[in-house]
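Note sheet for the following structure.
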Amino acid sequence: ANAPSHPTKALKKFLATLGSHPQPTLLDIGPVVGHNVTFFGERLGCKFQVEELSKDIDRFAREDKLAELPDFLGKRFPQATESFDGILCWDLFDYLEKKSAEALARQLTRVLRPGGVLFALFNATEAVSPEKTYTKFFVVDDGNIQHRPYPGVRGKQKPLPNRDVLRMFEPLRVIDQFLLKT
């Protein structure tokens, strides 16, 4: 596609960690991107499951029931505890308010196996976005991804402070974080 490619050091680390697991299981909470399914399947030989949360967020926003979203997210994942070796969150947390983000983080922490890895991108500087779009992420290769907007009902929300992000994922530990210039 014509979208520019963006370098990422974090994806390399994510792939390396997942690659250390025999036949890893991977959960993607973003939209289905066939290219990514193929990439991770060929690269890691993993079992890939998609749970597209943007549709749930849009439904709650459309119905003006965002106050109920934390309870929903707290029960959203029927998977057993410690089901996945890796989780792709992309930038989904940017579209949630703090209580919803905390509920989602608790569930993702629950379904992640010990020694597993979670990949997430967090906006640290921008205010609430008036644009009602989500971002599809396409893995180009081990070190590059493309961002492509697609329509949604809800735009990005107020960024979560770094300390709140770290707290909501306890007892997980951050193995790396990267502050980007853009």
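The values are calculated or read from the model by the stated rules, or taken from the named source; none is laboratory data. Please read these numbers as outputs of a predicted model, since none were measured by experiment. Glycine also receives a Cβ, built like all others from the backbone with ideal geometry; neighbour counts cover every protein chain displayed. Surface accessibility is based on the protein's heavy atoms, side chains included, excluding ligands, DNA and RNA. Shrake-Rupley method; radii C 1.70, N 1.55, O 1.52, S 1.80 Å.
Here are some notes:
- Conditions (1) open to solvent by 30 Å² or more (accessible area, probe 1.4 Å); (2) in contact with a Phe, Trp or Tyr (Cβ under 9 Å, 6 or more places away or on another chain); (3) not basic (Lys, Arg); number of the one not met by residue 19: (2)
Every residue, every condition in (1) open to solvent by 30 Å² or more (accessible area, probe 1.4 Å); (2) within 14 Å of the chain's Cα centre (by Cα), yes or no:
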{"site": "32", "(1), (2)": "yes, yes"}
{"site": "38", "(1), (2)": "yes, no"}
{"site": "46", "(1), (2)": "no, no"}
{"site": "82", "(1), (2)": "yes, no"}
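- Residue selected from the range 57-97 under the condition of a type in the set (Lys, Arg) and either modelled with pLDDT under 95 or not in a helix (DSSP H, G or I) (or both), by the criterion nearest to residue 17 (Cα to Cα): 76
- Taking every residue in the range 1-26 that is basic (Lys, Arg) and pairing it with any residue that is surrounded by fewer than 17 Cβ atoms within 10 Å (Cβ to Cβ) and assigned to a loop (DSSP other than H, G, I, E, B), at least 6 positions away or on another chain, the pairs with Cβ-Cβ distances below 6 Å are 9/178; 12/142; 12/143; 13/176.
- Selection from the range 122-147 of residues that are assigned to a loop (DSSP other than H, G, I, E, B), modelled with pLDDT of 90 or more and either within 28 Å of residue 71 (Cβ to Cβ) or open to solvent by less than 30 Å² (accessible area, probe 1.4 Å) (or both): 132, 143
- Selection count, the range 148-182, where residues are aliphatic (A, V, I, L, M), over 16 Å from the mean Cα position of the chain (by Cα) and at pLDDT 90 or above: 1
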